[in-house]
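Below: the structure, in structure tokens.
Please treat every number below as a calculation from the coordinates, not as lab data. Just so it is clear, the structure is predicted and the values come from calculations on it, not from any experiment. Neighbour counts are summed over all protein chains in view; Cβ atoms, including those assigned to glycine, are modelled from backbone coordinates with ideal geometry.
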């Protein structure tokens, strides 16, 4: 089970370049910690780079489709959660 707020869903994955396309339902910022969760997917990573329409951005808003480089394979319809860092 993911802890955090669901911010989007994976709509596509480019395996040659390890990039996930995410349909955002909530705003997301660079450096946010996110959790990819699906039937065969379960890993966390920091958003290190994010693009909208091939332009580098530091934040994206709900309703936007973004591309994020990922450390592991993701699959269509995997959920994306923003983790709340304890501290």
* Structure fact -> Counted neighbours (other Cβ, 10 Å), sorted fewest up, put 16, 75 in the order 16, 75
* Return 37, 28 ranked ascending by Cβ neighbour count within 10 Å, so the fewest neighbours appear first. => 37, 28
* Structure fact -> Reviewing (i) 94; (ii) 86; (iii) 155, the figure for volume of the Cα convex hull per residue in Å³ actually calculated from this model sits under (ii)
* What spacing in nm lies between the two simple spin-label points modelled at residue 59 and residue 18, each 7 Å away from Cα in the Cβ direction? -> 2.8
